[in-house]
Number of protein chains: 2
Amino acid sequence: MPKVKFIPQNREVEVEAGTTLLNAADAAGLYIEGDCAGKGTCGKCRVKMIKGGDAEPTAAEKKHLSKKELLGGWVLACQRKIEKDSIVEVPIQKDAHSRKITLAGGIEKLEAEPVIKKTHVKLDRPSVKDQTADLERLLGALGKEDLTVKPRELNALPKMLREHKFSVTATISGNRIISFEPDDTSDQMYGVAFDIGTTTIVGSLLDLKTASVIAVSATTNPQNIYGADVISRITHANQGKEQLQQLQNKVIEAANDIIKDLLKKTKIARDRIYEIVAVGNTTMSHLFMGIDPTYLAPAPFVPVYSRALDVEAAEIGLKINPAGRVTFLPNIAGYVGSDTLGVILATKMDQRSDNCAAIDIGTNGELVLKTRDTLMACSTAAGPAFEGAQIRQGMRAAAGAIEAVAYKDNDIKVTTIDNVPACGICGSGLIDAAAALLQAGLIEPSGRFFNFEENPEKVSDHFKNRLRRGKTGIEFVLVPAAESDIGEDIVLTQNDVRELQLAKGAIYAGLMILIKEAGIQEKDLDQILLAGAFGNYVSRESALTIGLLPQLPIDKIKAVGNAAGDGARVALASKSERDRAVKLPHQVKHMELSTRLDFQEFFIEAISFPKI
Amino acid sequence: MPKVKFIPQNREVEVEAGTTLLNAADAAGLYIEGDCAGKGTCGKCRVKMIKGGDAEPTAAEKKHLSKKELLGGWVLACQRKIEKDSIVEVPIQKDAHSRKITLAGGIEKLEAEPVIKKTHVKLDRPSVKDQTADLERLLGALGKEDLTVKPRELNALPKMLREHKFSVTATISGNRIISFEPDDTSDQMYGVAFDIGTTTIVGSLLDLKTASVIAVSATTNPQNIYGADVISRITHANQGKEQLQQLQNKVIEAANDIIKDLLKKTKIARDRIYEIVAVGNTTMSHLFMGIDPTYLAPAPFVPVYSRALDVEAAEIGLKINPAGRVTFLPNIAGYVGSDTLGVILATKMDQRSDNCAAIDIGTNGELVLKTRDTLMACSTAAGPAFEGAQIRQGMRAAAGAIEAVAYKDNDIKVTTIDNVPACGICGSGLIDAAAALLQAGLIEPSGRFFNFEENPEKVSDHFKNRLRRGKTGIEFVLVPAAESDIGEDIVLTQNDVRELQLAKGAIYAGLMILIKEAGIQEKDLDQILLAGAFGNYVSRESALTIGLLPQLPIDKIKAVGNAAGDGARVALASKSERDRAVKLPHQVKHMELSTRLDFQEFFIEAISFPKI
C-alpha cells in the first residue's frame, strides 16, 4: 500500500491505492478545510504535492487551480487519488479559534448548585456482631437507603474500605452512586460543558464546587470531512449504520481530545469529571448520541426525540469517570436545537417582560422572540454565507480574514484578523464590505453593482481600478494581489453580494414572521440580542446599513457572546437551571417557516438593501 | 501445540504443552467431575488415555488408581499434563438431572402480575403541522411522558415507525422503555428464573402473560473447575481480577447455554425475553454480578451487598433482550443467600402463624424458623457429605447412585437411581444406609461400626461377608463388585459414617439454636419443610432414625421440592412477590452460629445417633 507523508505536520499513513488525499489526511488525523464534502465544487481543499503528484489534473482541479498552480504541484485533496508513495504539503490551518469570543461566554458569574453530590463518611468496621454488608453499611451512614449502584462501581468498594480505614467518599448522581473514592475527596468535583457546533466544538471545564470555568478548549468538528453543513452529514448518516457510527465517532473523538487538553491544562484527574452537559443543533445532538438523523432532512423535519437525553459516559465512549452522566439538553424542533435553548437559558429572555429578540447565526440562523405574551423560535435557511462558504474568497473568522471594511474619506479600507496580510473574507467582513460599497454608491439598493462601464464618470478615482469586470461579472477589489497573502486579488463579486442578500433576507424575513405572529411591530422591539461568534464581531452599524436587522436605535442591539455555550455552562453549574432547561421546550412555540406563504413575501421584500 | 481429542464427545482442542487434561477438557467445553479443584486429592476425575498417555503416573495417580487401571490407560485428568497429540476417553457424565425434582418446584400455579408492561399503539403520522418528535409522539400516545429511553433502543424507532405504518409496541420496565417492536407484539413476553446453585444451575422459561413455566433446563455449574465448594471459588476469585472474571464468565456462559436450550425447546425469539430473576447463595450472587466475594470467606463473613442488584442483561453478557433487566434477589447474610430467601418466599412461611422450620441442604445447609414472634435464619457448615463429596464412593444423585437402602427381613437391600448397576452412593442413599445399619445393629449409636472381629458370633449370616475390615477400618459392602458398574465393591466406610455424623450434627445443632432463640421447644414445631432435591428424596423415616431431624410425627415433615427455585419463579411472575422479596431480608433475623458457644454443645450432643 502506498504511504503518504503530510508536512509540515509530519504525519504518515499507509492507505489503499486509490484513496483520495482528503481521506488519507483524515486517516492521519488532519483536517483539510472545504465546503463541498469532497465533491470538487468548492475548490478549497488545496494542498501541494511535493512527491507523487504527477497524475493528470482532473476537470475540477483544472477549474479551480491556475496553470501556474497546477505546474507548482497544487491539487485538490478531494480529487487526487493516491497511487504511489507521496509527500504532501498541507498549508497550516489558520487557527479558527484565535477569536477568543468563540470560547468565552457573556456570563461573568455562574451560580454553583451542583447536580451531583459528594459525601465523605467514616464507617464502623464490621464484626461478627455487626455483619452488615459493605454497601448497606455505607448507605446507612449516608442515610440514603434508596440509592442504587451498579456492579462495576460496587466492585471497587470492599477493598477500598479495608485499605483506607473504612473512610470513603461517595459520588451521587440522581438516585445512583456513580463512584467510590478512598478517603475524603468531596472537594474535587468537575464537569465539562460542550457546545457542539457543526463547525467548531468548544469545551469548558467547570469546578462544580464554585461554578468557575477553569479551562476552555476548542477544536474543529472533524465530522467536517463528511461535509460542512448538517444536510451533508445527515446524507452520510443515512447511508447506513457504519456511516452513522463514523459520524458519532468523529464528534466523540473530538470531545475526548478537548477533555484531554482540559485535563492537561489543569492537571485534574480524569475520573474526577462526573458530568457533561452539551448543547448543539438537533442534528449534532442526534449524531452525538448515535441516533439516526435521517428524517430531519426531508419535510416534515421530524427529530427522533426532543427531550434531554441522558447516558453514561462509558456508553458513548466519552472518557471521563465511566459512570459520569452525559446530558444533551433538549431541542425545540428539527432545526431549532439545544443551542438555541441555551441562548434562551443563558440570556434568561424567557423571564423578560419586554419585547426582545435573539439572533444566533451559525451554519444556520436561529431566531427567538419573547414578548409579554409569547416565546417563539424559528430557524431560517440563511445558508453558510456568513461563515464564508459560497463566497468566492470566503473563509472562516481566522487570522488573515478580512473582518472589517470601512468607507471613510471617500476610500474603502480593510482590516484583517491579527493584522496579517489578507487571505480571504469572513462573515463580518462580508457585511462590512457590502455596507461600505452601499455607502460609496458602488452597490445599488437592488444589490447590483453600479454599472461603471455605462457611467464611468460617476466612479471616483479611488475606485477606478478597484471596480472592474471579472470572469463572472462586476467585482470590487478589496485587497490587491501585491498586498494579499495569496498572491492574487481578494475581491467581492456580484455573486457574493447576491449570496449575502439571500442570507440576510432569510434572517430578516424569519424575524418578521415572529414579530407578526406575536402581534407587535418592528419598532416595538426593546432589544435585539446577537448571539454567537458572528454576532459578537459583526458591526451593528453595518448590519443596520444592509438591513440584516430592523431599523432600531443602535443601543438596542447588544452582542451577548457565545450564549449557546453559556447555556450549557449554566445548566452544568446549577441544578435549578438544568431543571429549567428540561422544561423550557414546552414554553417555546416553534414556527415552521417552510410552509408559510407570508415568509416568501417578507423574504422578497427583505432581499433588497435599504436605501441610504 | 499438541492436540487433544475427547471421545465419545468428539471434541478437539489445541493447547499449550504442559496443560492439564482437566483444563484442556474445560477448553473443549467438557466438564470432568471432581471435588478437590484439581489438587489430586479426591481421585474422581478419572479418564482413560487412548493415545498419548505413556508418561509416568504421578504419586496422586498411583494412590487413587489400581495397577490394573494404570496399565489400562486410566489417569487423573487434573494430574496428567499434555505433551503430545492425545486421544482421551471421558466416561459419559451421568445426567445429574435425571431426578426431575431438581427442575420442578412445589408450586402448581403461579400468579401472573408481570413487572414489565407491553403496550401497542398506532400513532398519527407527523406532518408540517405536527412536527412532534418520534419519541414524544409515542410517549404522548402511551400517556407516559416521564419514561426514559436509552439511545441504543431509541435508534431503532424512526425507521420502524415509517416501515410499519406507525404501529409499534413498547416494552416498559420500571420507568424505562427497554424495547420497541414493530406492530402488535404485546402478547409475547417471557422471562427466565434462575436457581444458581454451587453445583447445578436450573433455568425456567416463563410466559409472563400467564405465569406458566413453559420449559426448564439445567446444567452443571462450570465454576466447578475451580473447586466444588464456595470457599474454593472465593479463594480463586481472591487471586485477582482475571480470576474473578473467569468465575463470572463461567456462570454467565452456563446461564446462556440454558437460555439457548430454552429457546430451542420453545422456538421463542431471544429478544422477547425481557427479564431474568435469579436466586443463589451469597457467593454465587457475588460471582454472577462480578463482585469480589473475598471478604465472605474470613470472619466476620461480610458480603459486599445484601440488597437485590439490578443490571441490564447486556452489561453482564446475558443473551436475552440486551436491555432486559436482570435481578438477583437479595441475600440475608454472607452464608444465607437469596436461595434461602426464595424458600421463604415460595413457601410463604413468613406469613404463617404456627411454628414452622425449613431445612435446605445443598452444598451448605440453611435453616429457617418461623414462630409467632420471630423469623430467623442461619447456615451451618454441614459440609458436602449429603452431596456425596468426602464420602469414599460418594456421588451426586445421578443414574447409578444408590439412592435408597432398606433393612428388611434381616437383610440390607439397595436401590439405584434408574435401576441401573450401582456406581456410587448419593446423599439419600448415605442416610438410608446409616439408618439401615443402625437398625441392623451393625452401627452403634456412637457411630462406630459393630466390632465384628471381637464378637463374630453376633453378626448374622447375611452380613458375615459384607461387614469386613478394609484398608481404612471396618466397612460394609453395599454392592459387591460383581453386581456393580465399576468392577469393585461399593462400600460404606467408618469414615463415611463419621462424615455423615458431622453433617447431620451441624444441621441439628443449627436448628436447636434457632429453636432456643425463639423460646420454643422441639415438640412445639408444627411442621418441618424439607427443601431442595435432597429434601425431596431423603427418606423421612431414615432422617428421623439417624437424628437428622427432631423426633416428630412423620406427617409433620413435608418435602417442598426446589423451593429456592420456586422463589425465583414467583418473584419473576409477580410484581407483588418481587416487592415482597426485596423487603423480606429486613424481616429475617440472621443468627451467626460461629461465635456461639452453645452451638458447640448442641453439636456434640447431636453427633451421636439416637438409640433404636
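Brief remarks follow.
- Elements of the type helices (runs of 4 or more DSSP H) sitting completely within the range B:520-612 and holding at least 3 residues that are under 23 Å from the mean Cα position of the chain (by Cα), in contact (Cβ under 8 Å) with a residue 60 or more places away in the chain and away from every other protein chain (no Cβ under 14 Å): these cover B:532-537, B:563-573, B:575-587.
- Screening the range B:453-513 for strands (runs of 3 or more DSSP E) wholly inside it with 1 or more residues that are of a type in the set (Ser, Thr, Tyr) and not assigned by TED's automatic domain parsing to the domain that holds B:THR545 returns the ranges B:490-493.
- Residue match in the range A:53-63 (condition: part of a helix (DSSP H, G or I), without any contact (Cβ under 8 Å) to a residue 40 or more places away in the chain and in contact with a Ser or Thr (Cβ under 8 Å, 6 or more places away or on another chain)): yes
- Residue within the range A:479-488 that is over 19 Å from A:VAL414 (Cβ atoms) and either among the basic types (Lys, Arg) or surrounded by fewer than 23 Cβ atoms within 10 Å (Cβ to Cβ) (or both) present: no
- Number of the exception - B:GLU499 against (1) among the charged types (D, E, K, R); (2) surrounded by 16 or more Cβ atoms within 10 Å (Cβ to Cβ); (3) more than 30 Å from B:LYS68 (Cβ to Cβ): (3)
- Extreme residue, nearest to A:ARG176 (Cα to Cα), among residues of the range A:329-347 that are within 13 Å of chain B (Cβ to nearest Cβ) and out of contact with any Gly (no Cβ under 7 Å at 6 or more places or on another chain): A:PRO330
- Residue check, A:PRO114 out of contact with any Lys or Arg (no Cβ under 6 Å at 6 or more places or on another chain) and either closer than 25 Å to B:LEU287 by Cα or within 11 Å of chain B (Cβ to nearest Cβ) (or both): no
- When the range A:15-27 is filtered for residues that are surrounded by fewer than 18 Cβ atoms within 10 Å (Cβ to Cβ) and assigned to a loop (DSSP other than H, G, I, E, B), the ones remaining, listed by number, are A:GLU16, A:ALA17, A:GLY18.
- Residue within the range A:221-240 that is within 14 Å of chain B (Cβ to nearest Cβ), within 14 Å of A:ASP134 (Cα to Cα) and touching a helix residue (DSSP H, G or I) at 6+ places or on another chain (Cβ under 7 Å) present: no
- Residues that are surrounded by fewer than 24 Cβ atoms within 10 Å (Cβ to Cβ) and either part of a strand (DSSP E or B) or not charged (D, E, K, R) (or both), drawn from the range B:340-356: B:MET349, B:GLN351, B:SER353, B:ASN355, B:CYS356
- Verdict on A:THR185 being surrounded by fewer than 23 Cβ atoms within 10 Å (Cβ to Cβ), away from chain B (no Cβ under 12 Å) and out of contact with any Gly (no Cβ under 9 Å at 6 or more places or on another chain): yes
- Residue that is farthest from B:VAL216 (Cα to Cα), among those in the range B:267-302 that are crowded, with 22+ Cβ neighbours inside 10 Å, within 12 Å of another protein chain (Cβ to nearest Cβ) and aromatic (Phe, Trp, Tyr): B:TYR295
- Filtered residues of the range A:309-325 (kept if at the interface with chain B (Cβ under 10 Å from one of its Cβ atoms) and under 21 Å from the mean Cα position of the chain (by Cα)): A:LEU309, A:ILE316
- Of the strands (runs of 3 or more DSSP E) that lie entirely inside the range A:357-420, those containing 3 or more residues that are crowded, with 21+ Cβ neighbours inside 10 Å span A:365-370, A:375-380, A:401-408.
- Qualifying residue in the range B:295-311 (condition: of a type in the set (Gly, Ala, Ser), modelled with pLDDT of 95 or more, touching a Pro at 6+ places or on another chain (Cβ under 7 Å) and part of a helix (DSSP H, G or I)): no
- Residues (closer than 15 Å to A:HIS120 by Cα and in contact with a helix residue (DSSP H, G or I) (Cβ under 9 Å, 6 or more places away or on another chain)) located in the range A:135-170: A:LEU135, A:ARG137, A:LEU138, A:LEU157, A:LEU161, A:PHE166, A:SER167, A:VAL168, A:ALA170
- Looking at A:GLY447, A:GLY510, A:GLY441, A:GLY427, just one residue is surrounded by 19 or more Cβ atoms within 10 Å (Cβ to Cβ), more than 28 Å from the chain's Cα centre (by Cα) and small (Gly, Ala, Ser), and that residue is A:GLY447.
- Of A:ILE178, A:ILE201, all but one fail to be touching a Pro at 6+ places or on another chain (Cβ under 9 Å), β-branched (Val, Ile, Thr) and either farther than 30 Å from B:PRO330 by Cβ or within 14 Å of another protein chain (Cβ to nearest Cβ) (or both); the exception is A:ILE201.
- Among residues that are surrounded by 19 or more Cβ atoms within 10 Å (Cβ to Cβ) and modelled with pLDDT under 95, B:LEU110 is included.
- Selected residue (only one of B:SER212, B:SER173 is modelled with pLDDT of 95 or more, out of contact with any Ser or Thr (no Cβ under 8 Å at 6 or more places or on another chain) and surrounded by fewer than 23 Cβ atoms within 10 Å (Cβ to Cβ)): B:SER173
- Residues (outside any helix (DSSP H, G or I) and either more than 15 Å from A:ILE214 (Cα to Cα) or not hydrophobic (A, V, I, L, M, F, W, C) (or both)) located in the range A:254-275: A:LYS267, A:TYR274, A:GLU275
- For B:ASP350: the one exception among (1) within 22 Å of B:LEU593 (Cα to Cα); (2) of a type in the set (Asp, Glu); (3) within 12 Å of chain A (Cβ to nearest Cβ): (3)
- Condition met for B:ALA559 (under 26 Å from B:GLU601 (Cβ atoms) and not polar (S, T, N, Q)): no
The values are calculated or read from the model by the stated rules, or taken from the named source; none is laboratory data. Worth saying up front: this structure is predicted, and the values here are computed from it rather than measured. So basically every Cβ, Gly included, is an ideal-geometry build from the backbone, and we count neighbours across all protein chains shown.
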